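Asker: Got a structure for you, questions after.
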C-alpha cells in the first residue's frame, strides 16, 4: 500500500464496537471506555464521540489534537452519514482528515493486512470479512438482531435462559444460577429492563457473557455447551466466507477468542474440519492497527474497501480554530 496520510503526522485510531470503544494515539498510548449498547445510528454516534474526547482529555491530560484519524465503526452507515460522522470527529478532535469504514474492515486490515484471506471477529457481535485478492471484500453476518451468530450477546442470552430455566426447576442444574443470582434479584426485573431496551439492563445482560465463560472454564457442562455451540455457529459463518472467497488464510479477532480457550479451540476445530486446507494464522494486529492502516490506503483502495475519507475544508478549519 502507498502511504498517503500516516507518515510524519500525528494520528489516532478509533475502534467502535457494540459495547465499547478503544482509541490509540500515535505515541502508542491506548484507552477504552464503555459505549451505548446501541450506537449504530448517527445521533448515538455523535453523543459517543463527544464523550470520547472528554474521556481522552481526562485520562491523559496533555491533549494534543491528531492530524488524522482512522476509525472502524460498528453499524451500517451510508456514505452521507459517514461524512457527517467524519465532520463530527474532525470538530471534536480538531483533526484535518478522518478515514472511516465498517469495523470488520478495520479488523481485517489489522489481522491480515492487504493480503487475501478471511477474518472472523467475535466480541459482543460476530462478523466475518473475506477477500479473494481481486474482487471487492464481502462481509458475512454482523447483522445485530438478525444475526451476530456465535457472538457474545448470543452467549449471554443463552446463559441467562439456562440460568432462569434452572431457577424455575425446569432446566438442568448449572453454576449459572449462582452467577445470575449474584447480579439480579429476580428474572422478571431483568426481563422488564430488556423489553424496554433499558441501557443498564442491556449492558448488564451483555456482561453475563463473562459469567458463562468463567463457569465453562470451571467445568460447568451447561455453560461449556453454550460456549462450544456458539463457537461452532461462528465457525459456520467463517466456513461460508472461506468457501465464497477461497480465502484460506484465516485469522480471528475479538474478545471471545482471547477470553475463552474453549471458544477458540472449538471454532478452530470446526473450521479445519470443514475446510481441511484452511491455514489459520495468528493475526498481525488488531482493529486499532487496521484503523491505522486505513490512513495509508490510496483513494482507489479506499473505494475497493468501502472506506470513506472526510477532509476538513478551509472554512471549517477557520471556524473550528476560532471556536
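The values are calculated or read from the model by the stated rules, or taken from the named source; none is laboratory data. Quick caveat, the model's predicted, so the values are computed rather than measured. Reconstructed Cβ throughout: ideal geometry from the backbone, glycine too, with neighbour counts over all protein chains shown.
Asker: Tally time: how many residues in the stretch 194-219 are surrounded by fewer than 23 Cβ atoms within 10 Å (Cβ to Cβ) and either more than 23 Å from the chain's Cα centre (by Cα) or outside the structural domain of residue 126 (by TED's automatic domain parsing) (or both)?
Answerer: 5
Asker: Just one of 234, 224 is under 21 Å from residue 148 (Cα atoms), in contact (Cβ under 8 Å) with a residue 40 or more places away in the chain and assigned to a helix (DSSP H, G or I); which is it? Quick ask: steps written out before the conclusion?
Answerer: Working: 224 fails: in contact (Cβ under 8 Å) with a residue 40 or more places away in the chain.
It is 234.
Asker: A follow-up question, please. Among 150, 115, 86, which is in a loop (DSSP other than H, G, I, E, B), in contact (Cβ under 8 Å) with a residue 60 or more places away in the chain and farther than 30 Å from residue 222 by Cβ?
Answerer: Details: 150 fails: farther than 30 Å from residue 222 by Cβ; 86 fails: in a loop (DSSP other than H, G, I, E, B).
Testing whether each residue is in a loop (DSSP other than H, G, I, E, B), in contact (Cβ under 8 Å) with a residue 60 or more places away in the chain and farther than 30 Å from residue 222 by Cβ leaves just 115.
Asker: Moving to a separate point now. Looking only at the stretch 242-274, count how many residues are out of contact with any strand residue (DSSP E or B) (no Cβ under 8 Å at 6 or more places or on another chain) and outside any helix (DSSP H, G or I).
Answerer: Filtering the stretch 242-274 for residues out of contact with any strand residue (DSSP E or B) (no Cβ under 8 Å at 6 or more places or on another chain) gives 243, 246, 258-262, 265-266, 269-270, 273-274.
Imposing the further condition that a residue be outside any helix (DSSP H, G or I) reduces the set to 246, 260.
Within the stretch 242-274, residues that are out of contact with any strand residue (DSSP E or B) (no Cβ under 8 Å at 6 or more places or on another chain) and outside any helix (DSSP H, G or I) number 2.
Asker: Taking the condition surrounded by 24 or more Cβ atoms within 10 Å (Cβ to Cβ) and assigned by TED's automatic domain parsing to the domain that holds residue 22, does residue 72 pass? Let's see the steps before the verdict.
Answerer: On the way: surrounded by 24 or more Cβ atoms within 10 Å (Cβ to Cβ): yes; assigned by TED's automatic domain parsing to the domain that holds residue 22: yes.
The answer is yes for residue 72.
Asker: Yes or no: the stretch 159-173 includes at least one residue that is assigned by TED's automatic domain parsing to the domain that holds residue 272, closer than 30 Å to residue 248 by Cα and assigned to a helix (DSSP H, G or I).
Answerer: The answer is no, given that none of the residues of the stretch 159-173 is assigned by TED's automatic domain parsing to the domain that holds residue 272, closer than 30 Å to residue 248 by Cα and assigned to a helix (DSSP H, G or I).
Yes or no, residue by residue, for (1) in contact with a strand residue (DSSP E or B) (Cβ under 6 Å, 6 or more places away or on another chain); (2) at pLDDT below 85; (3) crowded, with 17+ Cβ neighbours inside 10 Å:
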site: 17; (1), (2), (3): no, yes, yes
site: 51; (1), (2), (3): no, yes, no
site: 76; (1), (2), (3): no, yes, no
site: 103; (1), (2), (3): yes, no, yes
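Asker: Condition first: at positive phi and at pLDDT 95 or above. Now tell me which residues in the stretch 116-141 satisfy that.
Answerer: Across the stretch 116-141, the qualifying residues are 117, 141.
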